[in-house]
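Read through the structure below, which is laid out as structure tokens, and then see the notes.
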């Protein structure tokens, strides 16, 4: 029964191969152009860091390219859909397929198949590559493009409340009781909020409660006296690893299982997680948007090419595709503000444009 949805095997391979080649070509074009523009804007900041040179520029490119691929792959599918269908229409291949008894959905079936494979590959790519490169790049940027962090699960520039005192860590790695802070500072404040003492250390580990500072050095603000303290000392008893998760959970830099654990920890601490819940669902609906693109761009496949309206149809297909991305971003933003439930914010645009695409296709061609 599944075979009834597709044309012949030869036709499916022909259209699917044509579509896949154009997806790759459009994606490479977009990524190369955008990467070049992005590198031009960031190269000055990268080279401004002491010791950075050409190797660091290539490192930035390798970390940035996965983000660009993930973000613009759905756009590439949309543009490839329109290019493929316009070519099939101009060569009267669509007319020949419909004359052979194929419906509009059967003509588009090979495109849906390739788009579904693209969605699955995008999801796997996001989970295995993009989240790691994003975490490393954000930590590197937080360090002003200094030494490249070796741990992909690193949080940078974290400020935490310890009662009226403040705990700062330049980087934090690990999770739970194994969490470790580097380049850490603890600021003691009086009831008026003025800092009276600063304790710095190259590293700190969780001491249950508090954080054990290695080789701490105390600086008294009033006397401006700097005093090394004997042995490890424990500070910030009011700070635990859960606060780090609450303060620095980044959905873009965490895989689906990691984000699920972070959400569970934050909920257990009694905090709301609507924004993170919406992004959790969007990790599923986002890659699936590629499946919508053949449907939204299908308007370019049908209608007589010689009527002079093929370009108009292509523009309509592009408008529908880009409208989806606009509505998707708007719905996600509304979900972050609490205007929509997280599930609705992630999936409503997909369902809405699925219905719109089907309505346009059925009313015009079926």
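Of the residues making up the range 244-253, one or more are buried (at least 21 other Cβ atoms within 10 Å of the Cβ), in contact (Cβ under 8 Å) with a residue 12 or more places away in the chain and out of contact with any helix residue (DSSP H, G or I) (no Cβ under 8 Å at 6 or more places or on another chain).
Checking residue 136 against (1) within 22 Å of residue 276 (Cβ to Cβ); (2) touching a strand residue (DSSP E or B) at 6+ places or on another chain (Cβ under 9 Å); (3) not assigned by TED's automatic domain parsing to the domain that holds residue 279, only one condition comes out false. Which one? Failing condition for residue 136: (3).
Do we have any residue at all in the range 240-249 that's within 30 Å of residue 124 (Cβ to Cβ) and in a loop (DSSP other than H, G, I, E, B)? Checked the range 240-249: at least one residue is within 30 Å of residue 124 (Cβ to Cβ) and in a loop (DSSP other than H, G, I, E, B).
If a residue has to be within 22 Å of residue 129 (Cα to Cα) and in contact with a helix residue (DSSP H, G or I) (Cβ under 7 Å, 6 or more places away or on another chain) to count, how many in the range 47-71 make the cut? So the answer is 12. Kindly indicate whether any position in the range 216-225 is outside the structural domain of residue 132 (by TED's automatic domain parsing), in contact with a strand residue (DSSP E or B) (Cβ under 8 Å, 6 or more places away or on another chain) and under 30 Å from residue 253 (Cα atoms). No, there is no match, as no residue in the range 216-225 is outside the structural domain of residue 132 (by TED's automatic domain parsing), in contact with a strand residue (DSSP E or B) (Cβ under 8 Å, 6 or more places away or on another chain) and under 30 Å from residue 253 (Cα atoms). The single residue among 284, 295 that is under 30 Å from residue 328 (Cα atoms), at pLDDT 85 or above and under 23 Å from the mean Cα position of the chain (by Cα) turns out to be 284. Within the bounds of the range 152-162, is there any residue that is closer than 30 Å to residue 53 by Cα, under 31 Å from the mean Cα position of the chain (by Cα) and not in a strand (DSSP E or B)? The answer is yes; a qualifying residue exists. Tell me whether the range 255-270 contains one or more residues that are part of a helix (DSSP H, G or I), farther than 30 Å from residue 93 by Cα and either in contact with a strand residue (DSSP E or B) (Cβ under 9 Å, 6 or more places away or on another chain) or in the same structural domain as residue 174 (by TED's automatic domain parsing) (or both). Checked the range 255-270: no residue is part of a helix (DSSP H, G or I), farther than 30 Å from residue 93 by Cα and either in contact with a strand residue (DSSP E or B) (Cβ under 9 Å, 6 or more places away or on another chain) or in the same structural domain as residue 174 (by TED's automatic domain parsing) (or both). You will find that of 257, 232, the residue that is out of contact with any helix residue (DSSP H, G or I) (no Cβ under 8 Å at 6 or more places or on another chain) and within 26 Å of residue 284 (Cα to Cα) is 257 and no other.
Residues checked against (1) crowded, with 17+ Cβ neighbours inside 10 Å; (2) closer than 18 Å to residue 293 by Cβ:
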residue	(1), (2)
335	yes, no
341	no, no
345	yes, no
353	yes, yes
361	yes, yes
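Filtering the range 194-238 to residues that are under 25 Å from residue 172 (Cβ atoms) and assigned to a loop (DSSP other than H, G, I, E, B) leaves 207, 208, 209, 210, 215, 216, 229, 231, 232, 236, 237, 238.
Restricted to the range 142-162, and to residues there that are surrounded by fewer than 17 Cβ atoms within 10 Å (Cβ to Cβ) and over 18 Å from residue 200 (Cα atoms), the residue that is modelled with the lowest pLDDT is 152. Remark: residue 135 falls outside the filter, which requires a residue to be modelled with pLDDT of 90 or more and within 25 Å of residue 282 (Cα to Cα). If you go through the range 165-179 and pick out every residue that is touching a strand residue (DSSP E or B) at 6+ places or on another chain (Cβ under 9 Å), within 15 Å of residue 243 (Cβ to Cβ) and outside any helix (DSSP H, G or I), you end up with 8.
The values are calculated or read from the model by the stated rules, or taken from the named source; none is laboratory data. Keep in mind that this is a model prediction, so the values were computed, not measured. Counting neighbours? That spans all protein chains shown, and the Cβs are built from the backbone with ideal geometry, glycine included.
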